[in-house]
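The values are calculated or read from the model by the stated rules, or taken from the named source; none is laboratory data. Remember, predicted model here, so these are calculated numbers, not experimental data. Here the Cβ is made from the backbone with ideal geometry for all residues, glycine too, and neighbour counts use every protein chain on show. Just the protein is used for accessible areas: all its heavy atoms, side chains included, with ligands, DNA and RNA removed. Shrake-Rupley method; radii C 1.70, N 1.55, O 1.52, S 1.80 Å.
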There are 2 protein chains.
Amino acid sequence: MPYYIYVLDREYRLLGVVSFRELFMGPAEAIVQEIMQSEVISVAEDQDQETVAAVIAQHDLLAVPVVDQEGRMKGIVTVDDVIDVVREEATEDIQKLAGMTALEMPYLRTGFLPLFKQRIGWLIVLFLGEMLTATAIGYYEQEIARAVVLALFVPLIISSGGNSGSQASTLMVRALALGEVRLRDWWRVFRRECLTGATMGAVLGCVGLIRILVWQGLFHTYGAHYVRVGLTVAMSLTGVVLWGTLAGSMLPFVLQRFGCDPASASAPFVATLVDVTGLVIYFSVANVVLL
Amino acid sequence: MPYYIYVLDREYRLLGVVSFRELFMGPAEAIVQEIMQSEVISVAEDQDQETVAAVIAQHDLLAVPVVDQEGRMKGIVTVDDVIDVVREEATEDIQKLAGMTALEMPYLRTGFLPLFKQRIGWLIVLFLGEMLTATAIGYYEQEIARAVVLALFVPLIISSGGNSGSQASTLMVRALALGEVRLRDWWRVFRRECLTGATMGAVLGCVGLIRILVWQGLFHTYGAHYVRVGLTVAMSLTGVVLWGTLAGSMLPFVLQRFGCDPASASAPFVATLVDVTGLVIYFSVANVVLL
């Protein structure tokens, strides 16, 4: 179904556009040139579909003509194609952000083997990355042997880094996809995330410290050095959350800069990246404050 | 800008629809009844916007009329509204899935305080949940003191559960949002995810076992009981990944069943849920196999 009538010259260059409504409502004796709009919004042949979707959405168009470098019309993209594109791209981004290859078919119509393959790949990659945590903790085995209490807070510390990191990366991936944030904004984002990360880290650190002091008061769980344990946890949390936030927010920019899809900066990917460094931060702080 | 001409009777009941193109192309002496299409796709007043978007996308419409229970026309929803709805809903889901309250404004236009508030809330909730891991490990302090090597694999085990869980939950959240999967499909999904989770767990378990055997061969890292250590890790991984996959895939159904938004089953939320149980699985296996 046609949406607009495009007016071309002999070389197929786009001169103007008339809607069926204008054609219908215009005076019967008018020639096309008089009723057409000569300011036509068009897209280039080599533009990616996300950009085309953004143009259509922004200008509330029913269709947009595609032109080559010489301004010759090559075809049109219609609004109903765009809805499908927007939905598919969102689904793809969502699946990538969860750390899996995007499915090509709806879930229930995807067979066991393709479903398995699209999930296990990233799981193995993440697993191999996460193995570095075993190596990292290995370096601190003696510290743990001296103060087993350190082992208690390992999941708490690293998951806080991972959570703040995946928040930050998802926020950036979506903002980049919607064009709300551009590559050149990275420094502005960096400064904002520094402030946000440090504040969030300090808040979680306080909550952690209070938790340890309360538990100590109630159950005497953490031994004689409980204040030092609390301070270690609080300081590590601040550092880990700040680091997670910065790493998570900058990774999508780095990926985009090097031509990769920012959506590859998935929550599990960022978490894995942050886990190893989080452990190093935690045990380094412990070495100074506790041991 | 009007998209179609709707034909109503005196009570504003919808009789048919004519496009401007049909009006323009039709014979000049035809009456409306002859050229109108009387099968009109319409939506009810109380339908949610996601459903309306799906109707428009599915039938490639430019606009859909909204009717009340007596079939009286109340208004229209146009395709360009729908694009915005689809984009906004996707953004909202993506942000929720990353464990934060959905932002109302683009990132760079959101002030520091609202940005901070929308992120810290969930971070604190997740942090409080994750504190249970400290309690859980606390129960196994003696086991760790006897075999410090156990502490090495804690992040690896729990992150594998979290990763497989967030894959599964995201897959379900999106499939539910797009209507690819419905509430009544839960049992079919459960069986598929059982199989997928067990297979993925077994694969990761094998990778983990091989890693430990190789490292032992190269660096003699894991002491005399390295085979038992390897088996503990491999068996725990299988269990944790299976549990993570099942918990992650079922949680969105449970949330939807009780009228909550399935997208609240965010990656960090599922990870936190799975972390505590993952630790219990790990240390229980260790108690049988290793200690």
Self-check item: Which numbered condition A:D185 misses (of (1) within 14 Å of the chain's Cα centre (by Cα); (2) free of Cβ contacts under 8 Å to residues at least 24 places away in the same chain)
Solution: (1)
Self-check item: Identity of the residue in segment B:44-75, closer than 21 Å to B:E92 by Cβ and in contact (Cβ under 8 Å) with a residue 24 or more places away in the chain, that ends up surrounded by the fewest Cβ atoms within 10 Å (Cβ to Cβ)
Solution: B:E50
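Pick out the one residue from B:V274, B:V270, B:V280, B:V288 that is open to solvent by less than 30 Å² (accessible area, probe 1.4 Å) and within 22 Å of B:Y139 (Cα to Cα).
Numbers: B:V270 fails: within 22 Å of B:Y139 (Cα to Cα); B:V280 fails: open to solvent by less than 30 Å² (accessible area, probe 1.4 Å); B:V288 fails: open to solvent by less than 30 Å² (accessible area, probe 1.4 Å).
So the residue among B:V274, B:V270, B:V280, B:V288 that is open to solvent by less than 30 Å² (accessible area, probe 1.4 Å) and within 22 Å of B:Y139 (Cα to Cα) is B:V274.
Within segment B:222-242, can one find any residue that is aromatic (F, W, Y), away from chain A (no Cβ under 11 Å) and closer than 30 Å to B:L178 by Cβ? Break it down stepwise before answering.
Kept after step one, since they are aromatic (F, W, Y), are these residues of segment B:222-242: B:222, B:226.
With the extra rule that they be away from chain A (no Cβ under 11 Å), the set shrinks to B:226.
Okay, now just the ones that are also closer than 30 Å to B:L178 by Cβ, so none.
Checked segment B:222-242: no residue is aromatic (F, W, Y), away from chain A (no Cβ under 11 Å) and closer than 30 Å to B:L178 by Cβ.
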Self-check item: Residue ID - modelled with the lowest pLDDT, chosen from residues in segment B:199-222 that are open to solvent by 40 Å² or more (accessible area, probe 1.4 Å) and more than 16 Å from A:M131 (Cβ to Cβ)
Solution: B:H220
Quiz prompt | Failed condition for B:R211, given (1) within 9 Å of chain A (Cβ to nearest Cβ); (2) within 30 Å of B:T91 (Cβ to Cβ); (3) out of contact with any Pro (no Cβ under 8 Å at 6 or more places or on another chain) | solution = (2)
Exercise. Go through segment A:159-168 residue by residue and tally those that are more than 7 Å from every other protein chain (Cβ to nearest Cβ) and more than 30 Å from B:R146 (Cβ to Cβ).
Key: 2
Practice problem: Assess whether B:L176 counts as being in contact with a Lys or Arg (Cβ under 8 Å, 6 or more places away or on another chain) and closer than 25 Å to B:E89 by Cα. | Solution: yes
Quiz item: For segment B:92-110, how many residues meet the condition of being at the interface with chain A (Cβ under 9 Å from one of its Cβ atoms) and either crowded, with 19+ Cβ neighbours inside 10 Å or among the hydroxyl-bearing types (S, T, Y) (or both)?
Solution: 9
Quiz prompt | Tally, over segment B:239-267, of residues that are open to solvent by less than 50 Å² (accessible area, probe 1.4 Å) and in a helix (DSSP H, G or I) | solution = 18
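Would you pick out the residues in segment A:111-151 that are part of a helix (DSSP H, G or I), facing chain B (nearest Cβ under 7 Å) and without any contact (Cβ under 8 Å) to a residue 12 or more places away in the chain?
So the first thing to find is which residues in segment A:111-151 are part of a helix (DSSP H, G or I), and the list is A:112-139, A:141-146, A:149-151.
Next cut, facing chain B (nearest Cβ under 7 Å) only: A:112, A:115-116, A:119-120, A:123-124, A:126-127, A:130-131, A:133-134, A:137-138, A:141, A:144-145, A:151.
Once the filter is applied, which keeps residues that are part of a helix (DSSP H, G or I), facing chain B (nearest Cβ under 7 Å) and without any contact (Cβ under 8 Å) to a residue 12 or more places away in the chain, segment A:111-151 yields A:F112, A:F116, A:I120, A:I124, A:F127, A:M131, A:A134, A:G138, A:E141, A:I144, A:A145, A:A151.
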Practice problem: For segment B:158-178, state whether one or more residues are at pLDDT below 90 and in a loop (DSSP other than H, G, I, E, B). | Solution: yes
Practice problem: Working only within segment A:111-142, note down all residues that are farther than 18 Å from B:G197 by Cα and open to solvent by less than 30 Å² (accessible area, probe 1.4 Å). | Solution: A:G129, A:E130, A:M131, A:T133, A:A134, A:A136, A:I137, A:G138
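Closer than 30 Å to A:A53 by Cα, open to solvent by 10 Å² or more (accessible area, probe 1.4 Å) and not aliphatic (A, V, I, L, M), is that true of A:E180?
Details: closer than 30 Å to A:A53 by Cα: yes; open to solvent by 10 Å² or more (accessible area, probe 1.4 Å): yes; not aliphatic (A, V, I, L, M): yes.
So A:E180 passes the test.
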Quiz item: With B:L171, B:L156 as the choices, which residue is crowded, with 24+ Cβ neighbours inside 10 Å, at the interface with chain A (Cβ under 8 Å from one of its Cβ atoms), more than 17 Å from A:G162 (Cα to Cα) and in contact with a Ser or Thr (Cβ under 8 Å, 6 or more places away or on another chain)?
Solution: B:L171
Quiz item: Among the helices (runs of 4 or more DSSP H) confined wholly to segment A:7-96, which include 2 or more residues that are under 39 Å from the mean Cα position of the chain (by Cα)?
Solution: A:49-59
Exercise. Quick one: which residue in B:V229, B:V241 is out of contact with any Ser or Thr (no Cβ under 9 Å at 6 or more places or on another chain) and in contact (Cβ under 8 Å) with a residue 40 or more places away in the chain?
Key: B:V229
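Under the condition of being among the small types (G, A, S) and more than 8 Å from chain B (Cβ to nearest Cβ), which residue from segment A:58-91 is nearest to A:R174 (Cα to Cα)?
Initial filter on segment A:58-91 (among the small types (G, A, S)): A:63, A:71, A:75, A:90.
Next, only the ones that are more than 8 Å from chain B (Cβ to nearest Cβ) stay: A:63, A:71, A:75.
Numbers: A:A63: 25, A:G71: 32, A:G75: 29 Å.
Taking the candidates together, the pick is A:A63.
Would you say A:I94 is touching a His at 6+ places or on another chain (Cβ under 6 Å) and free of Cβ contacts under 8 Å to residues at least 60 places away in the same chain? So that I can check it myself, show each step before the final result.
Numbers: touching a His at 6+ places or on another chain (Cβ under 6 Å): no; free of Cβ contacts under 8 Å to residues at least 60 places away in the same chain: yes.
Taking the combined requirement at face value, the residue does not satisfy it.
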